[in-house]
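Data block below; observations after.
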Amino acid sequence: DAGVIQSPRHEVTEMGQEVTLRCKPISGHNSLFWYRQTMMRGLELLIYFNNNVPIDDSGMPEDRFSAKMPNASFSTLKIQPSEPRDSAVYFCASSSGGNEQFFGPGTRLTVL
Amino acid sequence: GEDVEQSLFLSVREGDSSVINCTYTDSSSTYLYWYKQEPGAGLQLLTYIFSNMDMKQDQRLTVLLNKKDKHLSLRIADTQTGDSAIYFCAESIQNNDMRFGAGTRLTVKP
């Protein structure tokens, strides 16, 4: 198995632009998580899905952030419009309900 | 509170022991975990302990669990420069979910 796949690995964009981050979970996993990591705040859970349904989005910072999971093998995290303070590494993780979460390599986002 | 708490930074000298501490929130957590994140990479499971255990040892790693105080620690003996990473504490919560701490950045000085 290739593990959790995230794309792009790096994204540099200008303030105000729309950013879309993508994630492909491990096949057969039914839970998917989006995290944000910064030096100042550490790792923060943004949202997670169970069987493609959003369960808890209380960590989503504001309305500029949205996440979708149209099917079991794909999820997106969108930021529109992006701001410099959104610069961070965004991780996607998946699990099969057996507790351990498997993390992707992350997308490093820089908003200028 | 509802946060898993751990210090953000820890610095030790090579050869010393490192102790990373964590307090968790859910007394019914079945498993407690330590994840490791190496530079430029995602998080990977390092070790875990079942909630009915007080201690787990795996080579240079020792995990201690104090359920009464909801305190978890990770001790790394003979810390090496290759141990420099961010270490995350996590607890299992309901619905087979996990809650992570913010991570402790361990720096090992030669």
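The values are calculated or read from the model by the stated rules, or taken from the named source; none is laboratory data. Bear in mind that the values here come from a model prediction, so they are computed numbers and not experimental data. Cβ: placed from backbone, ideal geometry, glycine included. Neighbour counts: every protein chain shown.
Among the candidates B:LEU64, B:LEU8, the residue that is surrounded by fewer than 18 Cβ atoms within 10 Å (Cβ to Cβ), modelled with pLDDT under 90, within 15 Å of the chain's Cα centre (by Cα) and farther than 27 Å from A:HIS29 by Cα is uniquely B:LEU8.
Scan the stretch B:32-52 and give yes if some residue there is under 15 Å from the mean Cα position of the chain (by Cα), at pLDDT 95 or above and among the charged types (D, E, K, R), otherwise no. Yes, there is a match, as at least one residue in the stretch B:32-52 is under 15 Å from the mean Cα position of the chain (by Cα), at pLDDT 95 or above and among the charged types (D, E, K, R).
Scan the stretch B:71-104 residue by residue and report those that are of a type outside the set (A, V, I, L, M), over 16 Å from B:ASP16 (Cβ atoms), more than 13 Å from the chain's Cα centre (by Cα) and more than 8 Å from every other protein chain (Cβ to nearest Cβ).
Residues of the stretch B:71-104 of a type outside the set (A, V, I, L, M): B:71, B:73, B:75, B:78-84, B:87-89, B:91-92, B:94-97, B:99-101, B:103-104.
Still in the list and also over 16 Å from B:ASP16 (Cβ atoms): B:71, B:88-89, B:91-92, B:94-97, B:99-101, B:103.
Of the ones still in play, those that are also more than 13 Å from the chain's Cα centre (by Cα) are B:92, B:94-97.
Matches in the stretch B:71-104: B:GLN94 only.
Which members of the stretch A:46-59 meet the condition of being at pLDDT 90 or above and either buried (at least 19 other Cβ atoms within 10 Å of the Cβ) or of a type in the set (S, T, N, Q) (or both)? A:LEU46, A:ILE47, A:TYR48, A:PHE49, A:ASN50, A:ASN51, A:ASN52, listed by residue number. Taking the stretch A:45-83 as the range and being under 19 Å from A:GLU18 (Cβ atoms) and small (Gly, Ala, Ser) as the test, the residues that pass are A:SER66, A:ALA67, A:SER75, A:SER82. Consider the stretch B:21-70 and keep the residues that are within 13 Å of B:ALA90 (Cβ to Cβ) and among the β-branched types (Val, Ile, Thr). The one that is nearest to the other protein chains (Cβ to nearest Cβ) is B:THR30.
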